[in-house]
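Here's the structure we're looking at; comments come further down.
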Amino acid sequence: MSAETQALSSGQPLKVKRKAFSNTLTRVAKYTALRLVTLFVTVVIGIYLTILIANMGGYVDEILRGEIRERIAVGVSNNPAFRDYTPEERSKYIDERVALEEERLGLNRPFAVRSFAFLRNALTLNLGRAINMTSDSGSKQVTLIILERLPSTLLLFGIANLALFFSSVFIALSLSRHYGSFWDKVILVLTPTSAAPPWFYGIFLILIFAALLKILPFGGMVDAPPPDNWFDYALSVARHMILPSLALILASIFLSIYNWRTFFLIYSSEDYVEMAKAKGLNARDIERRYILRPTLPTIITSFALLLIGLWTGAIITETVFNWPGLGRTLFRAIGLYDTPVIVGLTIIYAYLLAITVFLLDIIYALVDPRVKVGGSGGGA
């Protein structure tokens with residue numbers, strides 16, 4: 001019996017496969033653990049910096065102390081029960097009430113100590129209570145405030161951005177097939193118009209369609225009073241969504257089409273595409289296998305970042321259209337120095353971004369055979 005036959009009969013190839021599989025699992029496990037630790041450290045640093053910025057390094061505490069003292073002093077001066085008090089007695093009572101309120105809000109502790117308490121609560125998603133803002137039900141829980149505004153933002157920005165993403169990709173793909181055509185030149189001419197923000201277009205759309213033509217509402221999410229049945233309610237919401245959605249799309253669509261069109265043109269000029277054309281392959285097959293497939297990781301990345309971007313909303317755009325979403329909530333929270341709400345919105349976004357980046361690394365390895373998770377090149 002030869003040596004090769006003896007190796008096969010002894011099961012050595014099976015042992016080699018098992019060892020290779022075990023090495024692969026070990027490599028992937030190490031890579032996954034390293035990425036999780038790295039992303040966690042990044043989230044911790046980002047959230048703590050947000051806490052420092054939102055509190056202006058502790059200066060917001062001084063603003064809140066001033067507001068508390070002013071509110072209590074005004075209440076005491078307007079209360080007939082304190083008219084017989086001497087100025088010293090009033091001052092003492094006000095100081096006691098201020099001290100109790102500062103203790104209730106935790107302002108009696110140094111900001112450096114409270115900042116780490118904020119960080120611990122943030123990492124455990126214990127978002128706490130808002131200082132000035134309330135939910136529609138009257139609750140001060142930050143979680144309820146965010147959850148009440150979230151559907152409005154997801155509805156508007158979800159529909160607008162998904163329509164923007166898919167339409168720009170398909171239009172760009174079509175233009176890449178007809179490079180130098182009339183519509184290709186039109187897109188090139190219109191691309192600089194994307195320099196203007198959505199709220200800029202929103203103001204003009206309101207002036208034209210709401211003020212001048214009077215065919216669409218100025219703002220808000222639904223008519224007042226709201227319709228009784230769900231069908232009319234849905235139609236009312238759809239009418240109110242037209243202008244803000246159109247503003248969001250107009251502000252980005254031409255630049256997005258131009259970027260994707262350039263991206264597809266770069267891949268369509270590769271040597272392997274020319275080789276496929278020379279072999280006489282169908283144009284649709286070439287487009288699907290040799291242009292779209294290599295760009296799939298980039299398309300997935302853009303789509304994933306778009307999805308988490310839906311949570312942030314747009315501060316000025318939502319304010320212009322009086323849209324009750326997270327962007328307008330953040331705008332109000334900044335104006336009211338409501339740190340828990342600001343930090344709460346940032347925490348959710350940070351977690352979503354970290355999870356998305358981690359999942360993208362895994363997805364890249366699945367859709368692109370060139371990517372080796374945990375390989376010698378440093379991972380995905």
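The values are calculated or read from the model by the stated rules, or taken from the named source; none is laboratory data. Note that the structure is predicted; figures quoted are calculated from it, not measured. A quick note on method: Cβ atoms are made from the backbone with ideal geometry, for glycine too, and the neighbour counts reach across all protein chains shown.
Would you pick out the residues in segment 35-49 that are more than 18 Å from residue 356 (Cβ to Cβ) and touching a residue at least 60 places away in the same chain (Cβ under 8 Å)? Result: 48, single match. Among residues that are modelled with pLDDT under 85, buried (at least 23 other Cβ atoms within 10 Å of the Cβ) and among the small types (Gly, Ala, Ser), residue 325 is not included. In the condition set (1) among the aliphatic types (A, V, I, L, M); (2) within 13 Å of residue 173 (Cα to Cα); (3) in contact with a Leu (Cβ under 8 Å, 6 or more places away or on another chain), residue 300 is compliant with all but (2).
For segment 227-248, what are the residues that are crowded, with 17+ Cβ neighbours inside 10 Å and farther than 30 Å from residue 184 by Cα? Across segment 227-248, the qualifying residues are 236, 237, 240. Note on segment 89-129: among residues that are touching a residue at least 40 places away in the same chain (Cβ under 8 Å) and more than 21 Å from residue 49 (Cβ to Cβ), the one that is nearest to the chain's Cα centre (by Cα) is 129.
Which count do you get for residues in segment 144-175 that are under 23 Å from residue 259 (Cβ atoms) and among the β-branched types (Val, Ile, Thr)? Before you say what the answer is, go through the steps one by one.
As a first pass, look at segment 144-175 and keep what is under 23 Å from residue 259 (Cβ atoms): 157-175.
Checking the rest, the ones that are also among the β-branched types (Val, Ile, Thr) come to 159, 169, 171.
The total comes to 3.
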